[in-house]
Amino acid sequence: MYHYRAYATNTAGTSYGDQVSFHTLKDDQAITFGALSPKAYGDTPFDLTATASSGLSVTYASSDTGVARISGSTLTITGAGTTTITASQAGNSAYNPCADVQRGLVINKAELTVTAEDKTRLYQEDNPLFTLKYSGWCLTEGVDDLSTLPTASTQASMMSAPGDYDIVPSGGTADNYTFSYVNGSLTITEILQKPQAILANKPSGLTRVMDYNVNVGGICVLYYRYKVDEGAWSDETSVANPIDF
């Protein structure tokens with residue numbers, strides 16, 4: 001607010017008029033705030049760059065703090081989804097408040113890769129427990145942050161022929177992740193030939209064959225002993241080295 005008083009001076013002296021008060025008009029201002037590019041969950045915080053034509057600082061607000069929080073002009077992503085960012089300038093003694101400017105911000109889900117680990121079993125055995133490994137976690141998150149854990153399955157049954165079968169992961173859900181699945185492989189191996197078949201040319205006096213399985217490095221190896229009549233048992237022999245009578 002300003003004040004003034006008019007006066008006149010001549011040889012008789014000075015005469016003052018009444019004091020008058022008045023206000024100067026404030027200037028208008030406007031905010032420039034460009035469109036916001038989509039981001040992804042897990043992206044690093046970034047600065048908002050709206051400006052006011054007055055040069056005064058701009059303040060910001062997020063309509064959904066579950067998607068983005070703002071401190072000063074720095075925006076931190078807190079989840080996947082959509083939020084509206086509002087830029088404001090309240091004005092001062094020289095400038096009128098700005099009209100708010102709003103910009104939409106889309107935060108896409110991060111991609112989580114789920115890979116089924118390879119497994120091996122013998123023909124006519126039950127399928128092993130299938131296991132999964134993950135890559136692409138954001139922050140310090142893990143499986144406890146998923147809504148539904150992925151599972152793995154195969155078309156191979158106990159009686160499926162020896163060979164390779166896909167282990168297929170699927171079924172995961174999460175608020176902040178999409179899922180990319182990588183199949184694993186289940187290898188079904190043949191059962192080793194029984195020693196009775198290997199000893200096809202056994203002598204007439206062969207009375208007994210004893211066999212047993214030993215697990216060596218995940219592969220079942222068959223060993224056997226034999227004896228003729230009531231003699232002593234032979235040394236144990238692997239089916240990889242059969243004795244031909």
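The values are calculated or read from the model by the stated rules, or taken from the named source; none is laboratory data. A quick note: this is a predicted structure, and the numbers were derived from the prediction, not measured. Positions of Cβ are generated from backbone atoms using ideal geometry, with glycine treated the same way; all protein chains shown enter the neighbour counts.
Values as computed for the structure displayed
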read-out: Residue tally, condition assigned to a loop (DSSP other than H, G, I, E, B) and farther than 16 Å from Thr78 by Cα, over region 102-141; value: 12
read-out: Complete set of residues in region 75-101 that are modelled with pLDDT of 95 or more, among the hydroxyl-bearing types (Ser, Thr, Tyr) and outside any strand (DSSP E or B); value: Thr78
read-out: Matching residues, region 57-74, being within 22 Å of Thr173 (Cα to Cα) and either at pLDDT below 95 or outside any loop (DSSP other than H, G, I, E, B) (or both); value: Ala68
read-out: Conditions (1) in the same structural domain as Ala50 (by TED's automatic domain parsing); (2) surrounded by 15 or more Cβ atoms within 10 Å (Cβ to Cβ); (3) closer than 26 Å to Lys39 by Cα; number of the one not met by Thr115; value: (1)
read-out: The listed residue being exposed (fewer than 15 other Cβ atoms within 10 Å of the Cβ) and within 22 Å of Pro169 (Cβ to Cβ), out of Thr44, Thr140, Thr131; value: Thr131
read-out: Answer from Thr84, Thr32, Thr120 - the residue that is more than 23 Å from the chain's Cα centre (by Cα) and either among the acidic types (Asp, Glu) or closer than 30 Å to Ser153 by Cβ (or both); value: Thr120
read-out: Near pairs, Cβ below 6 angstrom, 6+ apart or cross-chain, from region 36-54 (outside any strand (DSSP E or B)) to any residue that is surrounded by fewer than 15 Cβ atoms within 10 Å (Cβ to Cβ) and small (Gly, Ala, Ser); value: Ser53/Ala30
